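Written out below as structure tokens is the structure these notes cover.
Just so you know, all these numbers are worked out from the coordinates, no wet-lab data involved. This structure is a prediction, so every number in the text was calculated from the model and none was measured. Reconstructed Cβ throughout: ideal geometry from the backbone, glycine too, with neighbour counts over all protein chains shown.
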Amino acid sequence: MIKIVHIKPNAQDFESWIAMIDDIVVGHIFLKHENDFKIKFMDAWVDDNHRRKGIFRLLWDSRWNYVNEHYKGYTIYAWCKNNSLPLLIEKGFSTGEICTYVEKRID
């Protein structure tokens, strides 16, 4: 059974949700409080051995339900990968500019 635990540290601007199976952490998702009534949806992670079991969706929905209950009037925003975009559009987010990650090692 997958258990989702909400953790709200009292000294930081982050909140997290942890997915656990048999007391082992198998995933997490975060949000960050920002100025001007904004909340940034942060990264999510699911252990490779537990992917394709609906854990990401459980984490995402837990966070989504929480902000809908506790943060009326706030603006929620996120950066996402292409495979996460359909979920955000499903929840009513509108797309902004498209960004592409690039990197170069300086030798």
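Between the beta carbons of Ile24 and Asp61, assuming R0 = 22 Å, the FRET efficiency works out to 0.55 to the nearest 0.05.
Computed from label points 7 Å out along Cα-Cβ, the spacing between Tyr74 and Thr95 is 2.6 nm.
The antiparallel fraction among DSSP beta bridges confined to the chain stands at about 85%. When each of Glu90, Glu97 is scored by the number of other beta-carbon atoms lying within 10 Å, the sequence from fewest to most is Glu97, Glu90.
Arrange Cys80, Cys99 by Cβ neighbour counts within 10 Å, fewest through most, would you? Mind showing how you got there, number by number?
Working: Cys80 16, Cys99 7.
Least crowded to most crowded, the residues run Cys99, Cys80.
The charge dipole of the chain, taken about its Cα centre with unit charges on the Cβ of Lys, Arg, Asp and Glu (plus for the first two, minus for the last two), comes to roughly 200 debye. Fewest-first ordering of His50, His70 by other beta carbons within 10 Å of each residue's beta carbon gives His70, His50.
For the residues Leu59, Leu31, Leu87, a GNM of the chain with alpha-carbon springs under 10 Å puts the largest fluctuation on Leu87.
Within the listed set Ile39, Ile55, Ile21, the residue fluctuating most in the Gaussian network model of the chain (springs between alpha-carbon atoms under 10 angstrom) is Ile21.
Asn68 sits among other residues whose Cβ lies under 12 Å from its own Cβ, and their net charge, with Lys and Arg +1 and Asp and Glu -1, is +1. Binning the C-alpha pair distances of region 2-90 at 10 Å intervals from 0 yields a P(r) profile of 16, 50, 29, 5 %, listed from the shortest bin outward.
The GNM of the chain, with springs linking C-alpha atoms under 10 angstrom apart, assigns the highest mean-square fluctuation among Ser62, Ser84, Ser16 to Ser84.
Applied to region 14-29, the Karplus parametrisation 6.51 cos²θ - 1.76 cosθ + 1.60 on θ = phi - 60° returns per-residue 3J(HN,Hα) values of 10, 10, 9, 10, 10, 9, 10, 10, 6, 6, 10, 6, 10, x, 7, 8 Hz, with x for Gly and Pro.
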